[in-house]
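Report on the following structure.
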Amino acid sequence: MMMHRAHLDSSIELIGNLIFGSDVAPSVLKTVRPSCQALVDDWVCLKTVVQAFELHCGSLTQYGMKYMRAFANICNEGVSKDAMEEACGNVCGSYNSAKWSPFIHGYSA
């Protein structure tokens, strides 16, 4: 479970670095919008970005939900589905998501 959490943490960081560059990524991924604004401008984009991540990097699980803001910020910055797919593939291409699946191991990381 802890290895899967570490995988999620490092994957999000590396994907952000690939998309935005290592100098800008931390601030973009952690940006908090004012309370009067929605989390994300394009909800379809958010769903697509999460699906791309889970396809390449494995299930977010309950632990990974903490990155929903980072995914929303990726959409709010106008990152395309193709760019997200490419970044996820580059970061997680060799990751065996079934190995750490909560459905197989019976936990929710």
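The values are calculated or read from the model by the stated rules, or taken from the named source; none is laboratory data. What you see is a predicted model; the values in this text were computed from it and never measured. Reconstructed Cβ throughout: ideal geometry from the backbone, glycine too, with neighbour counts over all protein chains shown.
Scan (1) at pLDDT 90 or above; (2) out of contact with any Leu (no Cβ under 8 Å at 6 or more places or on another chain) for the single condition A70 breaks and write down its number. Every listed condition holds for A70 apart from (2). Does at least one position in the stretch 81-91 carry a residue that is over 29 Å from M2 (Cβ atoms), crowded, with 20+ Cβ neighbours inside 10 Å and at pLDDT 95 or above? Checking the stretch 81-91: not a single residue is over 29 Å from M2 (Cβ atoms), crowded, with 20+ Cβ neighbours inside 10 Å and at pLDDT 95 or above. When the residues of the stretch 1-22 are filtered to those that are over 19 Å from A72 (Cα atoms) and of a type outside the set (G, A, S), which remaining residue is surrounded by the fewest Cβ atoms within 10 Å (Cβ to Cβ)? Among those residues, the one meeting the criterion is M2. The set of residues in the stretch 31-50 being closer than 19 Å to C88 by Cβ and surrounded by fewer than 14 Cβ atoms within 10 Å (Cβ to Cβ) consists of V44, K47.
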